[in-house]
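The values are calculated or read from the model by the stated rules, or taken from the named source; none is laboratory data. Please read these numbers as outputs of a predicted model, since none were measured by experiment. Heads up, the Cβs are rebuilt from the backbone with ideal geometry, glycines too, and the neighbour counts pull from every protein chain shown. Note: accessible area is taken over every heavy atom of the protein model, side chains too, but ligands, DNA and RNA are not part of it. Shrake-Rupley method; radii C 1.70, N 1.55, O 1.52, S 1.80 Å.
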Amino acid sequence: MKIKTKLRLAVGILFFFIALLSALAIRQVHLLSKDTKNILEANYISLDYTRNMHKLIDKPLITAEDLAEFENLLKKQNANITEIGERELTEELQNHFNALKSQPDNNVFISNLRRDLNDIMKLNMDAILRKSDTAGQTADNSILWISVASAFCFIMGFTLLVNLPGYIANPIKNLTDSIKQIAAKNYSQRLYFKGHDEFSSLAGSFNTMAEKLQEYSDSNIAKLMMEKKRIETLINNLFDPVLGLDEKNRILFINEQALKISGLKREDAIGRQAEEVAVTNDLIRSLLQKMAVKENKDNSLKIYADNKESYFEKQLVPISIVPTGEEKQTEIGSFIILRNITPYKELDFAKTNFIATVSHEFKTPIASMKMSLQLLDNQQTGDLNEEQKNLLESIKDDTDRLLRTTGELLNISQVETGKTKLIMEAADVNTIINNAIENNRKLAGQKSIVINFESKDHPYISVDKEKATWIISNLISNAIRYSYDNTEIDIKTFILENKLTVSVKDSGIGIDPKYLPRIFDKYFRVPGTEKEGTGLGLAISKEFIEAMGGTITVYSHLGEGSEFLTAFLITE
């Protein structure tokens, strides 16, 4: 039988008994009402008539009006005869009343009337007692039947209340528990429900599913083991060192290359906490330190490997999954890849050394050329015509540009090789800015650009004077190159966050916001610009000012100019 049919049958039976109890109660109440009404209509009214007639004949003097009222009550009594023998008594009362009407003062007739009235009252009183007993019996029977029916309904309702929820909820609970077991990969779980209802069909379907899952799991263990071996072989044969960690930083796997450069043994690493291994291993300790830093620009590691100093770039790949049946991602671990960038570093060192050597070799002849140009420009060596003077100016400009480019290349090579020497001392920022302005006075005059700067009293800053002047001078020269003719450049100084900040603001073409993150990269130039330059000035400025403990930032929008802010440390 289906669950729906069973529920309908149970509720239907309960409804039937409730209806039966209601009908029985109504019937018994109707019987009680009938008995009570019978007493009232049949006997109580007759008693009321006889009582009133008694009052009329008990008067000392019976008048004609009393007789008329007595006759009226007697007629009503004749119309309300309900008991056996009451008619004969009423007829006798009528006869004695007729005799009294002819002789109103005859006491014998009055005594007869009293006796007749008493007989009628006694007859009705006896009937009332008898009918009252009958009504009491009816009430007792009603209580009995209603109690029996109520007890039966209560037993049926209580039985359904106890058994019906369990009949529905218990199989659901068993099914829920079994599903949790299946979710925990306990595919041997089975359900057994008696009967032929929907729960039995559901149990059969569930058992079939569990059997298929168990069969699928058993058949895939060998396949999974093979895939595991294949992945382990693949990881072990990677050229790059790889280290895998779970969510609790336990080492899950480590390939041969990682074992080789770390000096670890596989059995000493697999399954152990990375922090525990880091106590005795420098490489693991360095990796954990870099993992702890959320934003680390320098991901390179210097490791002695392959009998030489080698360089590796760390790449941390977090592993997150969305568990089945859930929506939120859960991190289950991470793995670290160390890419061997030693060849690229060696090429970079070679390039840097080459640039430094070539720049140094270029600087001497360029300086000699500049000195020769100054001698040619001296009138003591002879007069030059106008065309020769123009050529001489052009050669001077080219020589200055070559000398500036050579200086930038030497600076960047010093930065890359770490050979930059800083001579930190207390300096006046106004002097540094004025020197930088003076260095660019001629360039600004060529474009009729006015440089606005007002000196203020500020604390001394801790800088390398030469490099600080070079930074400000480079920012001013950039502002001049990218500004329109007949415009102004504003230089301001103020203290912000315990640092003295120098602002160099122009009203030139501005920089597209999408290029701002790369503006301080080496050799980067904004696409579409036709101005001269190597793309090294801002990169060198950033390296210099950060080496001195300061910062440099830029704010710019296309068509609205640019503002560069350099912040220097204030001397204590």
**Prompt:** Can you list the GluC sites (Glu not before Pro) in the stretch 426-477 that are in a DSSP coil and have 16 or fewer other beta carbons within 10 angstrom?
**Reply:** E454
**Request:** Calculate one ³J(HN,Hα) per residue across the stretch 518-524 by plugging θ = phi - 60° into the Karplus curve 6.51 cos²θ - 1.76 cosθ + 1.60, and present them in order as whole Hz with x for glycine and proline.
**Result:** 9, 5, 9, 6, 5, 6, 8
**Complete:** The FRET efficiency for D133 and R8, from their Cβ-Cβ distance with R0 = 60 Å and rounded to 0.05, is 0.80
**Request:** Let me know the charge dipole size of the stretch 140-251 about its Cα centre in debye, to the nearest 20, where only the beta-carbon of Lys, Arg (+1) and Asp, Glu (-1) is charged.
**Result:** 360 debye
**Complete:** In order over the stretch 422-438: 3J(HN,Hα) from phi, Karplus 6.51/-1.76/1.60, θ = phi - 60°, whole Hz, x for each Gly or Pro, gives 10, 10, 7, 7, 6, 9, 8, 5, 5, 5, 4, 5, 4, 4, 5, 5, 4
**Request:** With a 10 Å radius around each residue's Cβ, average the other Cβ atoms per peptide and rank 58-68, 248-258, highest first.
**Result:** 248-258, 58-68
**Complete:** With every protein chain kept in place and a 1.4 Å probe, the stretch 1-124 has an accessible area per residue in Å² of 62 Å²
**Prompt:** Any idea how far apart K180 and K514 come out in nm if each label point goes 7 Å out from Cα toward Cβ?
**Reply:** 5.5 nm
**Prompt:** Which distance in nm do the two modelled labels at F494 and H557 give, with both placed 7 Å along the Cα-to-Cβ direction?
**Reply:** 1.8 nm
**Item:** Full-extension gain in nm, A79 to T233, via 0.36 nm per residue minus C-alpha separation
**Value:** 43.4 nm
**Prompt:** So how do 458-464, 285-291 stack up, highest first, on mean other-Cβ count within 10 Å?
**Reply:** 458-464, 285-291
**Message:** Just to be sure I understand the model, the point goes 7 Å from the Cα along the line to the Cβ. What's the resulting Q273 to R481 distance in nm?
**Reply:** 5.6 nm
**Message:** Ranking request for peptides 277-283, 174-180: highest mean number of other beta-carbon atoms within 10 Å first, then the rest in descending order.
**Reply:** 277-283, 174-180
**Prompt:** So how much slack lies between E211 and K421, counting 0.36 nm per residue of separation and subtracting their Cα-Cα distance, in nm?
**Reply:** 68.0 nm
**Complete:** Site I62, offset 7 angstrom along Cα→Cβ, radius 13 Å on amide nitrogen, limited to the stretch 75-117, gives 93-117
**Request:** With r as the distance between the Cβ atoms of H30 and R115 and R0 = 41 Å, compute the FRET efficiency 1/(1 + (r/R0)^6) and round to 0.05.
**Result:** 0.55
